[in-house]
Amino acid sequence: PGRARRLLLSQLFQPLNLQVGGEAGWEGRPGEPLCRSQKLMLQGGLIHPASPGCYYYLPPTVRAMEKLVKVMDEEMQAVGGQKLNMPSLSSAELWRASGRWEQMGPELFRLADRHGKRYCLGPTHEEAVTELVAAHSNLSYKQLPLRLYQVTRKFRDEPKPRFGLLRGREFYMKDMYTFDASEEAARRTYDLVCNAYCNLFDRLGLPFVKVRAATGSIGGTVSHEFQLPADVGEDRLVLCPDGHFAANVETLNGEQTSCPTCGEKLTQTRGIEVGHTFYLGTKYSSVSNAVFLSPENKPQLAEMGCYGLGVTRILAASIEVLSKEDSIRWPSLIAPYQLCFIPPKRGSKEEQEGAALLEQAYDDLAEALPHLAGNSVLDDRTQLTIGKRLKDANKLGYPYVVIAGKRVCEDPPVFEVWNQNTGEVLFLTKEGVIELMSKVQVP
């Protein structure tokens, strides 16, 4: 209630309070290669190393992550997704029954409780969700399709965690599991969820490709990856220049050099996998006996699919592909803050009048556009020059920066507005700033 409190940069537990010098300080292991997103996220104080492959996510990162999850929720619920939450601890029996206790090898974090009962920390939840659905033994075909998803921490004992959030041991994932009455229905669900993924990446403005992929330890018969082309990517991809064919090279037999559709020469690139989809059939439902009652009242195995999006990996990968060498660029929809206000330097001739006018603009904007009230920061470090603070704002990737510069004392006052994503600088009155910002979307 009442006026929104101004967010002052000096009071945020944020990048500029956490600057660490020297590359060794960032990762604790000198000489290890750093990729762009990792370097920028460490330099900007967005993440802080805890142990190999594990990070503290600092407040700006959590803000971006929560926005990203909101966009994912919108897309998943648009295709009938229902959100739940499953335990991270999963019993060894479940994994032994599916054969993956042995198959996953040392990548599974395994532990025993005080009674000697064995568990793993879930890297994925096919076994758990199938057991849950199987427990509802009177499921009717009328209740299908079921599309259940969660956003939780996942764990994988990576032999060599690297590149910050791109390959960690503990990470966030959105995973959806679907149950259909027939193979045909399951394949329709598969196409529907793949389209939702395409929609998500389009909304974020990310240059993704959907490629044919191997099914690996998850299993099933059809699989696609959603990849962001990037030099540090661990996957090798082949693409038809006209878009007829795209695959992860691990799916190809021998050296395929031309497109099977049009014959054009395939180009090679590297990619960061940010999403993966699988049509599973009855691989898991047959183990747990996840059945539904058909129209003839006969028990029938559900046809399954599973669909993953790397939440923290999308954050890092988007910084990797959108940013410049020394400054972060976010997909504007999920930037931690949309707007940074920079008042005049202490002691400058614009100080008194300029600071009051800028604060008024901040308050009026928060009142006119309440959704931006918590998305605006006031850089109150007025002992620093405007130039230094603009440089910091540029590094941290606020999509918009509003400055009370030389023209703030004109009548009417004019603010300098930087659109960081286009590099454009506008000179606008307070009304002009509010008009410009009214077009900004936040989830």
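Summary table below
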| read-out | value |
| --- | --- |
| Among the listed pairs LYS349/LYS395; LYS174/LYS210; LYS391/LYS439; LYS324/LYS388; LYS83/LYS174, those beyond 22 Å (Cα-Cα) | LYS349/LYS395; LYS391/LYS439 |
| Rounded percent of accessible protein surface that carbon and sulfur make up, region 36-322, 1.4 Å probe | 49 |
| Solvent-free Debye scattering, log10 I(q)/I(0), computed from the Cα coordinates of region 383-443 at q = 0.16 Å⁻¹ | -0.54 |
| Leading residue at positive end of dipole, region 51-167 (Cβ point charges), from GLY80, TYR55, ALA112 | TYR55 |
| Cα-centred dipole magnitude for the chain, charges only on beta-carbon of K, R (+1) and D, E (-1), debye, nearest 20 | 880 |
| For region 36-322, average projected area of the Cα convex hull in nm² | 16.5 |
| Which of LEU8, TYR398, ASN138, positive extreme of dipole for the chain (C-beta unit charges) | LEU8 |
| Mean shadow area of region 64-150 over all directions, Cα convex hull, nm² | 7.9 |
| Cα gyration tensor shape for region 322-419, rounded if a/c is under 1.5, else prolate or oblate | oblate |
| Relative contact order [Cα under 8 Å, 6+ residues apart], region 36-322, whole percent | 21 |
| Residue with peak Gaussian network fluctuation, the chain [Cα springs, cutoff 10 Å], from PRO123, PRO399, PRO241 | PRO241 |
| Estimated 222 nm signal from helices in the chain, with DSSP H stretches of n ≥ 4 weighted -39500 (n - 2.57), rounded to 500 | -8500 deg cm²/dmol |
| DSSP bridge pairs, the chain: antiparallel proportion in percent, nearest 5 | 85 |
| The chain, accessible area per residue, ligands and nucleic acids excluded (1.4 Å, Å²) | 45 |
| Gaussian network model of the chain, Cα within-10 Å springs - most flexible of LEU12, LEU315, LEU121 | LEU12 |
| Residue among VAL287, VAL71, VAL311 with the largest mean-square fluctuation in a Gaussian network model of the chain, springs linking Cα atoms under 10 Å | VAL287 |
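The values are calculated or read from the model by the stated rules, or taken from the named source; none is laboratory data. Everything numeric in this text was worked out from a predicted model, so none of it was measured. Quick reminder, even Gly has a Cβ in these numbers, built from the backbone with ideal geometry, and neighbours come from all protein chains shown. When the accessible area is computed, the model is the full protein with side chains, heavy atoms only, and any ligands, DNA or RNA have been set aside. Shrake-Rupley method; radii C 1.70, N 1.55, O 1.52, S 1.80 Å.
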